C-alpha cells in the first residue's frame, strides 16, 4: 500500500505491485494518483476508497501472475537501479558545466557512512 507519490514510484521500481490510497492531504490526491498510475504504465493501482482498496487487494492476491506482470511493467518504466550516478553526470555535463557553475576539482569526496566505518 502506498499513500504518497515517491514511495509509490519506489515500490513499482522494485517490481512490487502498489495499491495507492490517496488521503485528505493536499498533495497525494485522487487526481494525482490517477496521473501517476498512467505515468507508471498502470503498475500502481489508485484506489479511491478503503472498500475499493479491499476489492483490489483481494483480486490481486487471487491472481499473483497479474501482480508480477504489473511489477515488471513498473520496473521497465522506472528503469534499472543504480542510475543516480549517471543522472548526476548528465546534469553536470549538460546543465552545470557549460555555464561554469560547478568546478568538480573543488568538490571533495564525501565518504559514505559505511566506508567511514571500514577505515
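The values are calculated or read from the model by the stated rules, or taken from the named source; none is laboratory data. All figures in this text were calculated on a predicted structure; none of them were measured in a lab. Using ideal geometry, Cβ is built from the backbone for each residue, glycine included, and neighbour counts are taken over all protein chains shown.
Couple of notes before you dig in:
- Residue list for the stretch 88-119, restricted to those being assigned to a helix (DSSP H, G or I), surrounded by 10 or more Cβ atoms within 10 Å (Cβ to Cβ) and modelled with pLDDT of 55 or more: 88, 89, 90, 91, 92, 93, 95, 96, 97
- Residue check, residue 34 loosely packed, with under 14 Cβ neighbours inside 10 Å, out of contact with any helix residue (DSSP H, G or I) (no Cβ under 7 Å at 6 or more places or on another chain) and modelled with pLDDT of 85 or more: no
- Residue, farthest from residue 66 (Cα to Cα), within the stretch 15-25, restricted to residues that are in a loop (DSSP other than H, G, I, E, B) and modelled with pLDDT of 75 or more: 24
- The residue that is surrounded by the most Cβ atoms within 10 Å (Cβ to Cβ), counting only those in the stretch 17-27 that are in contact with a helix residue (DSSP H, G or I) (Cβ under 9 Å, 6 or more places away or on another chain) and closer than 16 Å to residue 53 by Cα, is 20.
- For residue 57: the one exception among (1) over 17 Å from the mean Cα position of the chain (by Cα); (2) touching a residue at least 60 places away in the same chain (Cβ under 8 Å): (2)
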